[in-house]
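The values are calculated or read from the model by the stated rules, or taken from the named source; none is laboratory data. Quick caveat, the model's predicted, so the values are computed rather than measured. Note that each Cβ is placed from the backbone with ideal geometry, even for glycine, and that neighbours are counted across all protein chains shown. These area figures cover heavy atoms from the full protein model, side chains too; ligands, DNA and RNA do not enter into them. Shrake-Rupley method; radii C 1.70, N 1.55, O 1.52, S 1.80 Å.
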Amino acid sequence: METKVDEILETLALSDEKRAGVSQLKNDLKYGGPDLPWQTDCFLVSWLKDELAAAGQFDAAVLAALGTDIENRMPFLKKMLSHQKEYSRFLQKASPYVFLVGDDICYGVLEDFSRKFGAAFEKMGYRVIYQDRQRIPEVYEQMYEGTSYRGIFGMQDPLLSKKLGENEYFFGKVNAPLYLFSFDHPAGFYDFIYDSPEDMVVLTLDRYYAEYVEKYFHRKAFLFPPGGEKPAHVFKDFEEFKADAFLNRKYDLSFLGSYGTDIDEHVRWIRENEPKLYPIASRFVGHMLKETNEPSEMAFRRAVDDMHMHVKNQEKNEPLSDENFSLLFNEWVPMEKSVASTFRNRIVRQVASSGIEFHIYGNDWEKIGEYPCFHVHEPLSYEKAKQVYNNSWLSLNVMTWHKAGFTERIAESQLRGSLVVTDSTEYLRENYTDGDDIIMYDLSDESIAELPNRLKALLSDKDHLMHIAYNGYQNALAHHTWDTRAEEFIKMTV
């Protein structure tokens, strides 16, 4: 989309950086409202003031930006020329994105997220800097202090809330919005979300997590789940998809993940080593096991209420405030993963003992026993894991207690043509249909017991299996790639 000053801008000798910034602002116009073109013109008149003056085009650019609506546009132009707050926001939009990289935790998953999300922005015409977080001290003054960026992204990175002094944040002198991705329950990141810049935005894969951040941390948060990498080759129709499946699929079922601490073991340790904590631990776990569709904070709230927990304040007992609750829950949220591990271990054992050819990539699975068709492999890097999805008819997923969320495992598996089998969430029920483009089960005894029979029925009817997988592939291709996420983000923030 062109603006009124475009013809004038073409005559200017701009630096590569400013030329790229102009291009980004023009990209934004297709996603913004009707006022964005003339507001962009007003910013450009201010930002490129020296270049326009040198070319003798400043007055002409002002007139082009104001158009015929001088009365309404002049106040905004004056704000731009005096570099008020709105100017800083546009300056951000004309600057590159920054992704903090250099962390290899989770088998490189978070690093992959940064690279793939950044690449999606680049494909849309936006500049991206991949900043090795270990090198920031040596480039800080040059790259960050007093500079502008379109956004700085950290994947569960405490650097976004790091402080240089008692009252100054590490990125406090940077004109840029900060975006923290949270892929686990944000209660576990209490230390660096609670004491973070007030305008830091948390992006999370679960709607309940976003609500938790806004209620307990008073930070803006959005449901923004990860996507998958769009494959280099897109199948043109079902027949091509089917032919590829019979050529490449060699595993009936695969799963990537390690055996985790069982909740009984966790609670037993508490009872033996911290007996005073056992009552709340047993209540917390009991509520999670009973209400398996609810987020863990609801279960913990019930446990707190059961115990009639209060805090001392000037010799008086007072109910737990939200701040007290979030501080306490931070200490207990690891039990959520133990409950999730209990279900994951149980589901894997149920399927492994059923006779289905099952390939699993992770640690410690010998603890569930040996079965003739159960094949245990070493953990894989995230990039190599995608090849397993390519080779699998069915891909098993067990959520880490994300009750209204979505994960990259689902997107990546579907984009590689594998049929995803997963416990359901609110997000999945809203965006998928069980038996049409995904297979969903719940965490009830009955559903878990029936799961092997459902999988065997699918594997015995490959044509039916492939129709469901193909529908899932199309759903993921249309809605759950990093390319789609990048476009959603631009629309959300332009």
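If packing is taken as the average number of other Cβ atoms within 10 Å across a peptide's residues, how do 55-64, 366-375 rank, most packed first?
My ranking of the peptides, most packed first, is 55-64, 366-375.
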* Residue separation times 0.36 nm, minus the C-alpha to C-alpha distance between Asp237 and Ser447: what's the value? -> 72.3 nm
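Regarding the chain, what is the average projected area of its C-alpha convex hull, in nm²?
Over every viewing direction, the Cα hull of the chain projects on average to 28.6 nm².
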* Grab the beta carbon distance between Val494 and Glu7, set R0 = 30 Å, and tell me the FRET efficiency rounded to 0.05. => 0.80
* Using only protein heavy atoms and a 1.4 Å probe, report how much of Glu211 is accessible, in Å² to the nearest 10. => 100 Å²
* **Heavy-atom accessible area order for Glu294, Glu323, largest first, 1.4 Å probe** => Glu323, Glu294
* **Net length gained if the chain between Lys163 and Gln350 were fully extended (0.36 nm per residue, minus Cα distance)** => 62.5 nm
* Apportionment of accessible area to carbon and sulfur, segment 1-136, percent (1.4 Å) -> 50 percent
* Asked: Working out 0.36 nm times the residue gap between Asn293 and Ala60, then minus their Cα-Cα distance, what length gain in nm do you get to one decimal?
  -> 77.7 nm
* To do: Using only the Cα atoms of segment 446-494, build the gyration tensor, take square roots of its eigenvalues as a ≥ b ≥ c, and label the shape rounded, prolate or oblate: rounded if a/c is under 1.5, else prolate if a/b is larger than b/c, else oblate.
  => oblate
* **Average Cα contact separation per residue, segment 177-321, under 8 Å, 6 or more apart, as relative contact order %** => 12 percent
* Structure fact -> With -39,500 (n - 2.57) per DSSP H segment of 4 or more residues and division by the full residue count of the chain, the 222 nm estimate, nearest 500 deg cm²/dmol, is -15000 deg cm²/dmol
* **Nearest-0.05 FRET efficiency for Glu122 and Lys384, computed from C-beta distance (R0 25 Å)** => 0.55
* To do: Express the carbon and sulfur contribution to the solvent-accessible surface of segment 402-494 as a percent, rounded to the nearest whole number, probe 1.4 angstrom.
  => 42 percent
* To do: Run the accessible area of segment 267-399 with a 1.4 Å probe and give the carbon-and-sulfur part as a rounded percent.
  => 48 percent
* Considering the zone a paramagnetic label at Ser15 would reach in this model (a point 7 Å from Cα along the Cα-to-Cβ line), which residues of segment 35-49 have amide N under 15 Å from it? -> 47-49
* Asked: Ignoring ligands, DNA and RNA, how do Val213, Val376 rank by accessible area with a 1.4 Å probe, largest first?
  -> Val376, Val213
